[in-house]
1. Of the residues LEU302, LEU295, LEU341, only one is over 22 Å from TYR416 (Cβ atoms) and surrounded by 14 or more Cβ atoms within 10 Å (Cβ to Cβ); which?
2. Looking at (1) more than 30 Å from ALA454 (Cα to Cα); (2) within 26 Å of the chain's Cα centre (by Cα); (3) of a type in the set (D, E, K, R), can you tell me which one LYS157 breaks?
3. Answer yes or no as to whether PRO287 is closer than 22 Å to TRP412 by Cβ and under 24 Å from the mean Cα position of the chain (by Cα).
4. Give the residue that is nearest to the chain's Cα centre (by Cα), with candidates limited to residues of segment 246-265 that are touching a residue at least 60 places away in the same chain (Cβ under 8 Å) and over 19 Å from ASN292 (Cβ atoms).
5. Kindly provide the set of residues from segment 309-364 that are under 34 Å from the mean Cα position of the chain (by Cα) and of a type in the set (D, E, K, R), ordered by number.
6. Counting only residues that are of a type outside the set (Ser, Thr, Tyr), in contact with a Pro (Cβ under 7 Å, 6 or more places away or on another chain) and farther than 26 Å from LEU335 by Cα, how many does segment 423-473 have?
7. Looking only at residues that are under 14 Å from ASP367 (Cβ atoms) and in contact with a helix residue (DSSP H, G or I) (Cβ under 7 Å, 6 or more places away or on another chain) in segment 220-237, which one is surrounded by the fewest Cβ atoms within 10 Å (Cβ to Cβ)?
8. Restricting to segment 37-69, name every residue that is farther than 25 Å from TYR155 by Cβ and part of a strand (DSSP E or B).
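The values are calculated or read from the model by the stated rules, or taken from the named source; none is laboratory data. Fair warning: this is a prediction, and the values are worked out from it, not measured in the lab. Cβ placement follows ideal geometry from the backbone for every residue including glycine, while neighbour counts extend to all protein chains displayed.
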Amino acid sequence: MAQSSVLVLGMAIYPPPPTYYDQGTNNFIGSSTPEIPYLNMYQLSIDGTVKPSICYVPVPVPGSNATQWVVNLISPDLKWSDGFPMNATDLAYSYGMFLNSGPYANLAVDAFNAITNSISSVTVLNSTAVMLTAIKPDPLFPILTFLYSMYPWHYYKQFTGTNVLMNTPILGGPGDSSYVPENYVPGSQTMTLVPNQYYFGWNSTFQPKLSSITIQFFTSESSLVNGLASGTVNAGVITPSDVASLNSSSVTIQPVTSTFQLVVYMNNTVYPWNVNTFRQAIMYLLPKQQINTQLYDGKAQLGNAAMIIPQAMSTYWPGSSTPTYDFNPTMATALLKQSGLTQNANGNWVTPNGTEVTINFAVDNSDPNELRAGQMIQTAMQNVGLLVNLKSTDPATIANDWTSLNYELLMWENSYSPTPYRYLRNPTATAGFSTGNATFLDLRTLAAHDTDPARSLDEEKTAVDYFIRSAIMTSILILPQYAAYDNKFTGWVPAINDVGYVNVFATSGQQVFHSWVLAQIGPAQASMTSTSMAQTSSSMEQTTTSGSSIDPFTLGGIVVVIILVVAAAIYMKRRKPKT
């Protein structure tokens, strides 16, 4: 059967993108950096290694004690999709927008908190490179700053004013990803992506094979499933709850590696949530194993209060005395008493002034299993005398409540990082704890800026232990995930994934599709993809140093030592996931 050159990818639940600027809290192009239409400057892969993307991995200036870092584009010949050359001004703008001083200051809020409090200035070195001056030694800079994208200054310069980029819908202008949006209408349920003729990954061997890619936004999981079953959608990522609905169709269903967890977050600012023992009691009332057994047939991996991937536990878990919060109602009851609560005649917990404690528990309703998990948690808390108001909440609302810290107890899907050095720095991801608690902030800052790698790791473990004992949040389990796709999609896997480092179709709600998801669909195609990516990487590294006044290969030896000692050597001890 002849294949069409148009592919339709389905995405459930999340609304259409309100902006392409990805440092905000948007539901589609937002916190998980989908890289449409802007690539990350560099990436932190699932195995914890830092890799180049549109830029090399940052390298420290010799003799600067990790206080000066050079970021260099991978080629002097890069262009935006409108043909305008990429240059160091784009880099200076993309970092400078988060600073408090300089030509681009205060244009945006640093949602990831890794530039504003770390960098004092940005200096253009030449046409492709900038030097970032750190406020203090910052040996982990590449690990902490991988989530930032580069933006086209020649287009963005029209947006001026304090925090303008966070408050302005930007749905036009050029990009640098392999496929870029074309004529997107704000609020539309479909987005058309067309090949970027200037994308750096195209070469004489690998050219865009798809004339366009359509992303279809659905308002429910069932709508996506129906689209897959009817053939109007060629591929989508589905949850275990959807598998049975598609088993009888012609769609292929395949388990894929997941980077998403079911996470519980707790407010730590109002009584009794601002009492440490109260939050610890809630942690002991989360029946993780029951949820895994009854909803996922025991096949999911249990999460942890350090919020790191299971492979990282042996490296970052503080020690045997750190609580794991295994389900324990007896311990929870004792901790509720320690927090100053008592039980009334009805067996309900009350504050010292006699007010009954009612927990407002918001749960993402996009997946039936997640709502069922919320009901199991509600039952566990009610069984010890806590009143619980379970709220089934749509994903858009729960995302907004999460980013604004507008909740008492909240559970939804979120991604995780291979290293707590990165994850625990984000104030939103840590329920505001990383900036609101002075002790934790001091511990976290000490670990991030210590130039001795071994000592830094010990200090990070101390920070992780403090975070876990503070009971701010925990992962219930790593969510199983499935790719559902038809024969047409299978035939086009190389067309999407053979063009470089880029996770072009990673979205903040679900992966449609990450490169490592694509690589698991068809072994022969995965092999071809890996080879082409290696070839692309090699050719780029051979052509990207011209014009630089500071040789990145000279500095590369230093950054290799730092990254290998602090990060890569750590991760080599773990089982490496499929890629």
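1. LEU341
2. In the conditions (1) more than 30 Å from ALA454 (Cα to Cα); (2) within 26 Å of the chain's Cα centre (by Cα); (3) of a type in the set (D, E, K, R), LYS157 misses (2) alone.
3. no
4. TYR265
5. Of everything in segment 309-364, those that are under 34 Å from the mean Cα position of the chain (by Cα) and of a type in the set (D, E, K, R) turn out to be ASP326, ASP364.
6. Number satisfying all stated conditions: 2.
7. GLU221
8. LEU44, VAL50, LYS51, VAL59, PRO60, GLN68, TRP69
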